[in-house]
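Input: a single structure, listed below in structure tokens.
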Amino acid sequence: MPCLLKTEARRGDPPEIYNSNVYLLVAISTMGGMIFGYDIGSIGGVIEMKSFKISFGLLNNNRGELASLIAKIVSILQVGCLFGALSTGVMADRIGRKRGLIVASIIFLTGSIIQTTSDGHLGLLYAGRFIGGIGVGQCSMITPLYTSECVPRAIRGKFTGCYQLNIAFGIMVAFW
């Protein structure tokens, strides 16, 4: 693909590495940011749904108890993210970046299934959000790493920012 600006970094690179496969790789690999953005955008609405409150027995709680419970439900994902992000370096070195993204996606999917099937059981909801958070945390570490290693150096900065763009896109999709 032709570039409008020739940089010093691009001068030594063969033109064959600037092709549509780079764009496709970035478009697919940075979708890990979408899962985080979707959760950010959707959890508040889900918690406020009357059916959610009925299912989890939250209608009779006083405001202080309800606020504390909602804070726990929302923040347990972030705790999972912390553990997922901390475990990622070793995992990415041992099994590779691409397989690491696959493992992170499977972990997130497992957490999502647990959350979806938790029907009235707060413990299962907490467990599902924690497990899903591990997957999100791993994606938040592996995705920019994988992208920066696969994209030519002259356009690396532009494409590593696509992860953040997909977080915002996930929020938009959740609000749609």
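Brief remarks follow.
- Residue pairs meeting the criteria (Cβ under 8 Å; at least 6 apart or on separate chains; first part of a loop (DSSP other than H, G, I, E, B) and at pLDDT below 90, in segment 47-73; second basic (Lys, Arg) and surrounded by 11 or more Cβ atoms within 10 Å (Cβ to Cβ)): Leu59/Lys53
- Consider segment 86-117 and keep the residues that are surrounded by 15 or more Cβ atoms within 10 Å (Cβ to Cβ) and free of Cβ contacts under 8 Å to residues at least 40 places away in the same chain. The one that is farthest from Gly128 (Cα to Cα) is Val103.
- Of the residues making up segment 97-113, not a single one is of a type in the set (Ser, Thr, Tyr) and over 27 Å from Trp176 (Cα atoms).
- Of residues in segment 150-175 being within 15 Å of Asp39 (Cβ to Cβ) and hydrophobic (A, V, I, L, M, F, W, C), the one surrounded by the fewest Cβ atoms within 10 Å (Cβ to Cβ): Phe175
- Test for Leu86: is it at pLDDT 95 or above and under 30 Å from Ser148 (Cβ atoms): yes
- Complete set of residues in segment 102-118 that are of a type in the set (Ser, Thr, Tyr) and assigned to a helix (DSSP H, G or I): Ser105, Thr110, Ser112, Thr116
- Applying the condition of being in a loop (DSSP other than H, G, I, E, B) and touching a helix residue (DSSP H, G or I) at 6+ places or on another chain (Cβ under 7 Å) to segment 119-145 and asking which residue is surrounded by the fewest Cβ atoms within 10 Å (Cβ to Cβ) yields Asp119.
The values are calculated or read from the model by the stated rules, or taken from the named source; none is laboratory data. Every value quoted in this text rests on a predicted model; they were computed, and no experiment measured them. Note that each Cβ is placed from the backbone with ideal geometry, even for glycine, and that neighbours are counted across all protein chains shown.
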